[in-house]
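Trainee: First, the structure itself, so that you have it in front of you.
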Amino acid sequence: EYLDRQVGHATVEGFTETILGRRRYIPELQAANPRVRDLGRRQALNAPIQGSASDVFKVAMIEVDRVLRAAPELECHMLLTVHDELVFEVPEAAVERAAALVQERMEHAVELEVRLQADVGWGTNWSDARVSNARMPGSRPTRSASARAIARVTCFSNVPPRPLAPGS
């Protein structure tokens, strides 16, 4: 029913919207060629879902950056994103505090009817930081519907955080 409404709205209005109001115009829905119209239908189904997930992730990244800048004593630096994950560099002594901050901001970045869940893991490299290897104290699976975002906090022991050099 929801998906049918999305396609119907996009066919009439010419666009779909994410939960934060970003529009994706889909002129393919008006095409004479049935294959192109079918492509437009698939785009109308996918765009609000994928686009909304992207919106939430971007807001969460901005919020995480804001709280980390306000806590310079953590020496935690956001390095990169990998799909729906954030990777950080943080001294081992601050990893649990940094991870708790990141998790809290990601889970409360956008107010939704469902609970957002951010899983956090850490290790000495990105591969070791898998969420299954390290769980935040007190974290638990939710029984309600949830959206999922992953944040891997990568801790490099005995290596002070540093900004990336230009060209690296």
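Trainee: Does the stretch 50-59 contain at least one residue that is more than 30 Å from A118 (Cβ to Cβ), among the β-branched types (V, I, T) and out of contact with any Cys (no Cβ under 9 Å at 6 or more places or on another chain)?
Mentor: Our first condition is that a residue be more than 30 Å from A118 (Cβ to Cβ); within the stretch 50-59, this holds for none.
No: the stretch 50-59 contains no residue that is more than 30 Å from A118 (Cβ to Cβ), among the β-branched types (V, I, T) and out of contact with any Cys (no Cβ under 9 Å at 6 or more places or on another chain).
Trainee: So is I26 among the β-branched types (V, I, T), surrounded by 13 or more Cβ atoms within 10 Å (Cβ to Cβ) and modelled with pLDDT of 95 or more or not? Write out each step before concluding.
Mentor: Details: among the β-branched types (V, I, T): yes; surrounded by 13 or more Cβ atoms within 10 Å (Cβ to Cβ): yes; modelled with pLDDT of 95 or more: yes.
Here the answer is yes, as I26 does meet what is asked.
Trainee: Could you say whether any residue in the stretch 54-62 is more than 30 Å from T11 (Cα to Cα) and of a type in the set (D, E)?
Mentor: Restricting attention to the stretch 54-62, the residues satisfying the condition of being more than 30 Å from T11 (Cα to Cα) are 60-62.
Next cut, of a type in the set (D, E) only: none.
Within the stretch 54-62 (the criterion being more than 30 Å from T11 (Cα to Cα) and of a type in the set (D, E)), the answer is no, since none of the residues qualifies.
Trainee: Here is a list: I62, I19, I49. Which entry is farther than 22 Å from G123 by Cα, of a type outside the set (S, T, N, Q) and not in a helix (DSSP H, G or I)? Break it down stepwise before answering.
Mentor: Numbers: I62 fails: not in a helix (DSSP H, G or I); I49 fails: not in a helix (DSSP H, G or I).
I19 is the lone residue from the list that is farther than 22 Å from G123 by Cα, of a type outside the set (S, T, N, Q) and not in a helix (DSSP H, G or I).
Trainee: Continuing with this model, one more query. Out of (1) open to solvent by less than 40 Å² (accessible area, probe 1.4 Å); (2) within 22 Å of Q6 (Cα to Cα); (3) of a type in the set (A, V, I, L, M, F, W, C); (4) free of Cβ contacts under 8 Å to residues at least 60 places away in the same chain, what's the single condition that is false for V56?
Mentor: Among (1) open to solvent by less than 40 Å² (accessible area, probe 1.4 Å); (2) within 22 Å of Q6 (Cα to Cα); (3) of a type in the set (A, V, I, L, M, F, W, C); (4) free of Cβ contacts under 8 Å to residues at least 60 places away in the same chain, the lone unmet condition for V56 is (4).
Trainee: Given (1) polar (S, T, N, Q); (2) at pLDDT 85 or above; (3) open to solvent by 60 Å² or more (accessible area, probe 1.4 Å); (4) within 30 Å of G8 (Cβ to Cβ), identify the lone condition not met by Q43.
Mentor: Unmet condition: (3).
Trainee: Consider the stretch 63-77. How many of its residues are more than 16 Å from the chain's Cα centre (by Cα), at negative phi and open to solvent by 40 Å² or more (accessible area, probe 1.4 Å)?
Mentor: 5
Trainee: Within the stretch 78-109, take every residue that is open to solvent by 60 Å² or more (accessible area, probe 1.4 Å) and part of a helix (DSSP H, G or I) and give me the one that is farthest from W126 (Cα to Cα).
Mentor: Restricting attention to the stretch 78-109, the residues satisfying the condition of being open to solvent by 60 Å² or more (accessible area, probe 1.4 Å) are 80-81, 83-84, 92-93, 96-97, 104, 108.
Still in the list and also part of a helix (DSSP H, G or I): 92-93, 96-97, 104.
Values: E92: 14, A93: 18, E96: 16, R97: 18, E104: 21 Å.
Here the answer is E104.
Trainee: I've got another one for you. So, in the stretch 22-46, exactly how many residues are over 24 Å from H83 (Cβ atoms), touching a residue at least 24 places away in the same chain (Cβ under 8 Å) and not in a helix (DSSP H, G or I)?
Mentor: 0
Trainee: Is the stretch 145-152 home to any residue that is at pLDDT 90 or above and outside any loop (DSSP other than H, G, I, E, B)? Break it down into steps so the answer makes sense when it comes.
Mentor: The first filter runs over the stretch 145-152 and keeps only residues at pLDDT 90 or above, leaving none.
The answer is no; no qualifying residue exists.
Trainee: Look through the stretch 48-65, keep the residues that are of a type outside the set (V, I, T) and touching a helix residue (DSSP H, G or I) at 6+ places or on another chain (Cβ under 8 Å), and return whichever of them is farthest from P91 (Cα to Cα). Give the steps one after another, and end with the answer.
Mentor: So the first thing to find is which residues in the stretch 48-65 are of a type outside the set (V, I, T), and the list is 48, 50-55, 57-58, 60-61, 63, 65.
Pick out the ones that are also touching a helix residue (DSSP H, G or I) at 6+ places or on another chain (Cβ under 8 Å) and you get 48, 60, 63.
On the way: P48: 38, A60: 22, E63: 21 Å.
Restricting to residues being of a type outside the set (V, I, T) and touching a helix residue (DSSP H, G or I) at 6+ places or on another chain (Cβ under 8 Å), the top hit is P48.
The values are calculated or read from the model by the stated rules, or taken from the named source; none is laboratory data. Treat the numbers as computed from the prediction; the structure is a model and nothing was measured. Positions of Cβ are generated from backbone atoms using ideal geometry, with glycine treated the same way; all protein chains shown enter the neighbour counts. Note: accessible area is taken over every heavy atom of the protein model, side chains too, but ligands, DNA and RNA are not part of it. Shrake-Rupley method; radii C 1.70, N 1.55, O 1.52, S 1.80 Å.
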